[in-house]
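J.: Before we start, here is the structure in question, set down as structure tokens.
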Amino acid sequence: MSARALSFGATAKAYERFRPGYPKELFDLVMTYAGRPVRTALEIGAGTGKATRLFADQGVTITATEPDAAMLAELNKTVPPNVTTVRAAFEDLRSGETYGLVYAAAALHWTRPEGRWSRAAALLEPEGVFASFGGQVQLADPAVAEAVRAARAPFLESDEVPSPDGTAPGEEMQWPGTELQQSPLFLDVQQAVVKRRLTMSAPDYVGYLSTVSAYLQLPPPKRQQAYNAITRVLPERVEISADIIAHLARRRSE
Ligand SMILES: C[S@@+](CC[C@H](N)C(=O)[O-])C[C@H]1O[C@@H](n2cnc3c(N)ncnc32)[C@H](O)[C@@H]1O
């Protein structure tokens, strides 16, 4: 696994504190797509458990998998009784048990592309649902976004995670929907957006940036300089656009 994929553990506490959680609309979206009760789920890259809690709180029995020990330690602090946690990367999961839902929240792009879809399909019951969701936290005010871009530029060109298959941001179907559409193992690929606007204090926004992998790749002194430069241009409270893009697909039954 790349150093960037495993960069989150060092900052697990900040991750739990500053990253937004997932809204109930997302659970409803997945369940409406499933069209039948989903009782069991396997989560890929559960991190500190933000999406684990979304599904567990609605009564789904979850096997939450996560390769990073520090992230898993945070998750284990809040784990509800209907969740079992397992320390494992997606690539190391052995199929055997199958689930009604396999999902990944802001984690699928860290998994290896080779064998991704056969591995996911092997973990699903026939007609079981695969869901991947995530989204960038973006500054909603264009003037603030531009000021932050300029403050960040000497340290980091972009803090976004590029599309794993190079799909352009303007394309109607985004990754991983693009890959799912090409996989013979899945059908009925859908993409949906859950709109979300949030407000954060400037320190909380910088706290959020302290969990973003692009910054975590910088040497610590440069990283701190970048946060200081950004802090200087932020208003007291920042408007955030944190839309969630979800991709859904169903495992073929044969
Ligand atoms: C951006 S965090 C998302 C955490 C959580 N799902 C959430 O939405 O808050 C990405 C997670 O993917 C995990 N990860 C990295 N490589 C992975 C892999 N190969 N298989 C499974 N998880 C992986 C990281 O350890 C990290 O916890």
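J.: Quick check: from the Cα gyration tensor, does region 2-118 come out rounded (a/c under 1.5), prolate or oblate?
T.: Because a/c hits 1.5 or more and a/b fails to exceed b/c, region 2-118 counts as oblate.
J.: Additional query: Please give the net charge around residue 107, taking every other residue with its beta carbon less than 10 angstrom from that of residue 107, where Lys and Arg add +1 and Asp and Glu add -1.
T.: -2
J.: GNM, the chain, Cα, under 10 Å: largest mean-square fluctuation among 190, 138, 182?
T.: 182
J.: Under 5 Å between amide hydrogens, which residues at least 5 positions from residue 124 or on another chain qualify, with H placed 1.01 Å from N in the peptide plane?
T.: 99
J.: Taking θ as phi - 60°, what are the ³J(HN,Hα) couplings along region 14-20 by the Karplus curve (6.51, -1.76, 1.60), each to the nearest whole Hz, with x for Gly and Pro?
T.: 5, 4, 5, 6, 9, 7, x
J.: Okay, next question. Could you please rank 54, 218, placing first whichever residue has the fewest other Cβ atoms within 10 Å of its Cβ?
T.: 218, 54
J.: List, in order, the whole-Hz ³J(HN,Hα) value for each residue of region 173-187 obtained from phi through the Karplus relation with A = 6.51, B = -1.76, C = 1.60 and θ = phi - 60°; use x for Gly and Pro.
T.: Working through the residues one at a time gives 9, 9, 5, x, x, 4, 6, 4, 4, 8, 7, x, 7, 10, 9 Hz.
J.: Sticking with this one: If each of residue 95 and residue 141 carries a label point 7 Å out from its Cα toward its Cβ, how far apart are those two points in nm?
T.: With each label placed 7 Å out from Cα toward Cβ, I get 5.1 nm.
J.: Run through the DSSP bridge list for the chain and note the antiparallel percent, rounded to the nearest 5.
T.: The antiparallel fraction comes to roughly 50 percent.
J.: State, as an integer percentage, the relative contact order of region 1-160 based on alpha-carbon contacts under 8 Å between residues 6 or more apart.
T.: About 20 percent, as a whole number.
J.: Now for a different question. Could you point to the residue in 110, 73, 128 farthest towards the positive end of the chain's charge dipole, with +1 and -1 charges on the Cβ of Lys/Arg and Asp/Glu respectively?
T.: The residue sitting most towards the positive pole is 73.
J.: Compare 219, 23, 67 in a GNM of the chain, Cα atoms joined below 10 Å, and give the one with the largest fluctuation.
T.: 219
J.: Add -39500 (n - 2.57) for each DSSP H run of 4 or more in the chain, then divide by its residues: what number comes out at 222 nm, to the nearest 500 deg cm²/dmol?
T.: Here the helix-only value at 222 nm equals -9000 deg cm²/dmol.
J.: Next up: Using amide H atoms built in the peptide plane, which far-off residues or other-chain residues are under 5 Å from residue 106 H to H?
T.: For residue 106, whose amide H was placed from the backbone, the distant partners under 5 Å are 133, 134.
J.: For residue 181 and residue 252, compute 0.36 nm times the residue count separating them, minus their Cα-Cα distance, and round to one decimal in nm.
T.: 24.3 nm
J.: In sequence order, what are the phi-derived ³J(HN,Hα) couplings for region 226-236 according to the Karplus relation 6.51 cos²θ - 1.76 cosθ + 1.60 with θ = phi - 60°, rounded to whole Hz, with x for glycine and proline?
T.: Computed from phi, the couplings for region 226-236 are 5, 4, 5, 5, 5, 4, 5, 9, 7, x, 4 Hz.
J.: To continue, here is another question. Quick one: Cα centre-to-centre distance for region 65-112 and region 193-228, in angstrom?
T.: Their Cα centres are 24 Å away from one another.
J.: Report the one residue of 209, 192, 163 whose Cα lies farthest in the direction of the positive end of the charge dipole of region 139-254 (charges on C-beta: Lys and Arg +1, Asp and Glu -1; origin at the Cα centre).
T.: 209
Every read-out reported here was derived from the displayed coordinates using simple, explicitly stated rules and does not represent laboratory data. Because the structure is predicted, anything quoted here is derived from the model rather than measured. Every residue, glycine among them, receives a Cβ derived from its backbone with ideal geometry; neighbour counts consider all protein chains shown.
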